[in-house]
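Read the structure below first, then the notes.
The values are calculated or read from the model by the stated rules, or taken from the named source; none is laboratory data. All figures in this text were calculated on a predicted structure; none of them were measured in a lab. Reconstructed Cβ throughout: ideal geometry from the backbone, glycine too, with neighbour counts over all protein chains shown.
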Amino acid sequence: MEYRVKLEVFEGPLDLLLHLIEKSKVDIKDVSITEITDQYLDYLFTLQEFDLEIASEFLVMAATLIQIKSKSLLPITRDSSLLSDSEELDTQQQLIERLIQYKKFKEIATKLREYEKKQAKVYFKTKNDVAHFVEYSDIIPKIKTDDLLLAYKKVISSLKDREIIVETKKYLRQIKRDAYTIKEKKYYILKTLKNKKRLTFNNIIKECSSKLEVIISFLAILELIKDNRISLSQSAPFNDILIEFNPSFDR
Amino acid sequence: MVMNLKDLVNAIESILFVSGDVVSIKDLCKVFDVDETQLKKVMDYMIRIFNEDNRGLSITKIKNGYQMCTKPKYSKYIEAFCNNTQKQVLSQAALETLAIICYKQPITKADIEMIRGVKSDSAIATLLNKGLIKETGRLDTQGRPILYGTTDELLRYLGLESLEKLPSPDDI
């Protein structure tokens, strides 16, 4: 025979505390934290017995409750009394204020549930897209790409001397083709090496026509080293660098 | 556009039918060239006759607009027509979270969680998904946390003309 226990589900530690307080039929403000702590822990133990996972928030609250309770049990020594006493009151007071606030929102939630249920009986039509009432051919007669370009040019020229043109120009950059790419340079270096067998760094640089090309060539060489395709050697510092095929490169 | 009241009411009724959405009083003013205060009176009159007359539809006021909807009385027939599907209601967690956002907006997730004492990510996600709340900005503190507030869809969802119609927290 199956044995079933129904445990109430709580939305969180505050929900559980409120439930315990309501059960003990005292006002939140007059609640005995000591008593409530025991009941709260009892509930957590029950959960444990049934191997239910206890959310961390419940444990944090348990710690807070135990802290308040243990402080209230400690004898108050004169020198520390001022500080610890007010601290304890603070924690307890804060908890009670949180409970009162939470209770209020729970009550509002109940009210919202009423509204929700009432309104669930009311049905609305989904928003109608009135666009399809309009004939598209009216809006867009036969237009060719050239017409669009012409219209665009007209708009841009009519905007002259205005700030907008500056705004627009920001987005109107030309995209130039890369004059040199690392990929091409790598290929070029390998091809030259194949013909000449050896090459120096200066050979390559001298052929370059711009600073950019020098940089790209340099990067291409670095990549080729990384790929293990070539090896470099230099007889002395600042001498020309010799570039050769890497003999150990396995195709 | 000069027309008699009966025609005006019928024309507005047609517009509300076609739109399906909330129709703002301003848009109606533009169509009929009638000033707002007068048109509001006409709308009040319409809402009344729709409620009094024996018909299936009613007109509801949402913020500064109007929308046509069915009367609750006939919901069971609509549900039967729609294969007995009923509208899903919000979970308790989502509802609590919504209550907090209604009264404390704009509010961060951390503050909601502080009040509820539990993580509220999934509740917030549900409410966002249903369009009942939205991100309204970010708080200018460390981490710039997102602030949440309610939407007009919420008003429709709860059947409220405006948020002011919510009960004041002290009344409860």
Qualifying position, being modelled with pLDDT under 90 and not hydroxyl-bearing (Ser, Thr, Tyr), among B:LEU98, B:LEU154, B:LEU166
B:LEU166
Expected output for the stretch B:10-29 (first residue touching a residue at least 12 places away in the same chain (Cβ under 8 Å), partner among the hydroxyl-bearing types (Ser, Thr, Tyr) and surrounded by 16 or more Cβ atoms within 10 Å (Cβ to Cβ), Cβ below 6 Å, 6+ apart or cross-chain) is B:VAL23/B:TYR66
Can you go through B:LEU8, B:LEU57, B:LEU16 and tell me which one is aliphatic (A, V, I, L, M) and away from every other protein chain (no Cβ under 14 Å)?
B:LEU8
Across the stretch B:152-169, which residue is surrounded by the fewest Cβ atoms within 10 Å (Cβ to Cβ) among those that are over 18 Å from B:ILE59 (Cβ atoms) and in contact with a strand residue (DSSP E or B) (Cβ under 8 Å, 6 or more places away or on another chain)?
B:LEU163
Qualifying position, being modelled with pLDDT under 90 and part of a helix (DSSP H, G or I), among B:LYS30, B:LYS26:
B:LYS30
Please go through (1) in a loop (DSSP other than H, G, I, E, B); (2) among the hydrophobic types (A, V, I, L, M, F, W, C); (3) in contact (Cβ under 8 Å) with a residue 24 or more places away in the chain for B:VAL89 and return the number of the only condition it doesn't satisfy.
(3)
So, in the stretch A:210-239, exactly how many residues are under 45 Å from the mean Cα position of the chain (by Cα) and in a strand (DSSP E or B)?
2
Looking at (1) more than 13 Å from chain A (Cβ to nearest Cβ); (2) under 20 Å from A:LYS121 (Cβ atoms), which is the only condition B:GLY137 fails?
(2)
Is it the case that B:LYS63 is at pLDDT below 90 and under 20 Å from the mean Cα position of the chain (by Cα)?
yes
Restricting attention to the stretch B:87-101, which residues are surrounded by fewer than 22 Cβ atoms within 10 Å (Cβ to Cβ) and facing another protein chain (nearest Cβ under 7 Å)?
B:LYS87, B:VAL89, B:LEU90, B:GLN92, B:ALA93
Can you name the number of the only condition in (1) surrounded by 20 or more Cβ atoms within 10 Å (Cβ to Cβ); (2) part of a helix (DSSP H, G or I); (3) within 14 Å of another protein chain (Cβ to nearest Cβ) that B:ILE124 fails?
(3)
Taking into account only those residues within the stretch B:61-78 that are charged (D, E, K, R) and at the interface with chain A (Cβ under 9 Å from one of its Cβ atoms), which is surrounded by the most Cβ atoms within 10 Å (Cβ to Cβ)?
B:LYS71
Taking B:LYS130 and the conditions (1) facing chain A (nearest Cβ under 10 Å); (2) out of contact with any Lys or Arg (no Cβ under 9 Å at 6 or more places or on another chain), which numbered condition does it fall short on, given that it satisfies the others?
(1)
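Hey, can you tell me all the residues within the stretch A:44-59 that are of a type in the set (Ser, Thr, Tyr) and either at pLDDT below 80 or more than 22 Å from A:THR91 (Cα to Cα) (or both)?
Matches in the stretch A:44-59: A:THR46 only.
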Taking A:THR46, is it of a type in the set (Val, Ile, Thr), part of a helix (DSSP H, G or I) and surrounded by 15 or more Cβ atoms within 10 Å (Cβ to Cβ)?
no
Candidate set from the stretch A:89-129 (those that are in a helix (DSSP H, G or I), polar (S, T, N, Q) and facing chain B (nearest Cβ under 7 Å)); member that is farthest from B:LYS130 (Cα to Cα)
A:GLN101
Output for the stretch B:26-45, where each listed residue is surrounded by 15 or more Cβ atoms within 10 Å (Cβ to Cβ) and either of a type in the set (Ser, Thr, Tyr) or farther than 22 Å from A:ASP129 by Cβ (or both)
B:CYS29, B:PHE32, B:VAL34, B:LEU39, B:LYS40, B:VAL42, B:MET43
